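Everything on this sheet refers to the single structure shown next.
Values in this text are rule-based calculations from the coordinates and carry no lab data. A quick note: this is a predicted structure, and the numbers were derived from the prediction, not measured. Cβ: placed from backbone, ideal geometry, glycine included. Neighbour counts: every protein chain shown.
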Amino acid sequence: MTAYRVIPLDEELAWTVRGSLRAPGYRHPAYVDIADALGPCRVCLRPFRVGVERRILFTYDPFRRHRSFPLPSPVQIHENACSVYTGHAVPAELADLPMTLDGYGAGRELITEERPTSFAELEPAIARVFVRPSVGYIHLRDTLSGFFICELVRSDAMDLAS
């Protein structure tokens, strides 16, 4: 299996959104309401408690680390503080969420896409995507909405960048 790291939404960016209620880089208004879907929060990667927790929805460019030309996606975070996810695997709390893996190469080229049929199939699917040397990173997306969840990068790629 390929060792990888999960890159959630940056905590500083989340605090900026919480303070301004504006989308970073776009200045579009952010929308606050009670969660009506599991989510998850893009900072802590925990599913929302539907009907209980408040969330902030806003426009975010998940490619901002890779290219200057934006390709935005709606994302959502907890309205109040939450702990940044620091695990090295996709959290099991997301097992009920259908997920799509988009493997990207240089220039944001989509190299491959996988749609595991169960959470048990997720790790093998990640390995199949990362086995391709042309894949530099994976965007994990909610299959039903298409929304960006987080980025996955090879551990050795992060070590070289540090």
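Details
- Low-density loop cleavage sites - trypsin sites (Lys or Arg not before Pro) in the range 31-124, where at most 16 other Cβ are within 10 Å (DSSP): Arg49, Arg64, Arg65, Arg67
- Computed label-point distance, nm, for sites Thr86 and Tyr31 using a 7 Å Cα→Cβ extension: 3.4 nm
- A straight chain from Trp15 to Thr117 at 0.36 nm per residue would run longer than the Cα-Cα distance by 33.3 nm.
- Using C-alpha pairs under 8 Å with a sequence gap of at least 6, the mean separation divided by the residue count of the range 8-78 gives a relative contact order of 29 percent.
- Relative contact order, percent, the range 88-161 [alpha-carbon distance under 8 Å, six or more residues apart]: 29 percent
- Think of it as helices only: each DSSP H run of n ≥ 4 in the chain is worth -39500 (n - 2.57), and spread over all residues that comes to -4500 deg cm²/dmol at 222 nm.
- Put in order of Cβ neighbour count within 10 Å, fewest first, the listed residues Asp156, Asp10 become Asp156, Asp10.
- Over the range 88-161, the ratio between the Cα radius of gyration and 2.2 N^0.38 Å evaluates to 1.05.
- Residues whose amide H lies under 5 Å from that of Arg22, counting only those 5 or more places away or on a different chain, are Ala30; hydrogens are built 1.01 Å from N in the peptide plane.
- Each Cα pair under 8 Å and six or more residues apart adds its separation to the average, and for the chain the resulting relative contact order is 25 percent.
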